[in-house]
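Asks: Take a look at this one; I'll ask things after.
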Amino acid sequence: MAESKKGQIVSRTGLSDVFGVALTTVDSWIRQDCPVVVRSRGKGQEWQFNTAQIAKWLQDKAADDATGEIPDDINLLKLRKAKAETELAELELAEKKGQVALIAEFERAQAVVFGIIRSNMMNIPQRAVLQLLGETDARIFKEKLKAEIVLALETAAEAELEDDEGV
């Protein structure tokens, strides 16, 4: 209780001024359960905070963040280690079952697919030029161009599927 006599009692605005932060930061602190002297129950009633309690809370929070909130209790550490080992074993099992993939493998596969799509899209002008030569009807021009784009994308999709079957 002696701690509450230290510091100043301030509003949200006062708290933001004292600590040099935005009101949105104060609101974030409230959501994180910072110490509050008086909670606002509606319009006309201001939040009130003790600056000493907030300073201590921020100090403790910074210490927890720096240590990663690692417990001092050996039993909790053993439990945490067992949980991590279980999660690792489950991940390895999921990888063997083909339920997950390494990011590098996904990126390589994605690069291949994007390369095929790019190649097919770049070939559209040479395939479409003979069909569109002399065409003056904008509707027909758009339809033929759209058909070529659809063909390029469908070909890319089929190529990707064939690549998966070969693996």
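The values are calculated or read from the model by the stated rules, or taken from the named source; none is laboratory data. Given the structure is predicted, the values throughout are model-derived calculations rather than measurements. Neighbour counts are summed over all protein chains in view; Cβ atoms, including those assigned to glycine, are modelled from backbone coordinates with ideal geometry.
Asks: Are there any pairs, at least 6 apart or on different chains, whose C-beta atoms fall under 8 Å, with the first in the range 46-67 and surrounded by fewer than 16 Cβ atoms within 10 Å (Cβ to Cβ) and the second modelled with pLDDT of 90 or more and of a type in the set (G, A, S), and if so, which?
Replies: If the second residue must be modelled with pLDDT of 90 or more and of a type in the set (G, A, S), the pairs left are E46/S11.
Asks: Sticking with this one: Anything in the range 38-65 that is out of contact with any helix residue (DSSP H, G or I) (no Cβ under 8 Å at 6 or more places or on another chain) and not in a helix (DSSP H, G or I)? List them, or say none.
Replies: V38, R39, S40, R41, G42, K43, G44, Q45, Q48
Asks: Being assigned by TED's automatic domain parsing to the domain that holds V112, part of a helix (DSSP H, G or I) and surrounded by 13 or more Cβ atoms within 10 Å (Cβ to Cβ): is that true of I140 here?
Replies: No; evaluated as a whole, the condition is false for this residue.
Asks: Anything in the range 21-73 that is over 32 Å from the mean Cα position of the chain (by Cα), of a type in the set (A, V, I, L, M) and modelled with pLDDT of 90 or more? List them, or say none.
Replies: Passing the criteria: V37, A52.
Asks: What's the number of the condition V21 fails, among (1) under 30 Å from I9 (Cβ atoms); (2) outside any loop (DSSP other than H, G, I, E, B)?
Replies: Here V21 clears every test but (2).
Asks: Does I103 fit the bill of being free of Cβ contacts under 8 Å to residues at least 24 places away in the same chain, out of contact with any Leu (no Cβ under 6 Å at 6 or more places or on another chain) and within 30 Å of A156 (Cβ to Cβ)?
Replies: yes
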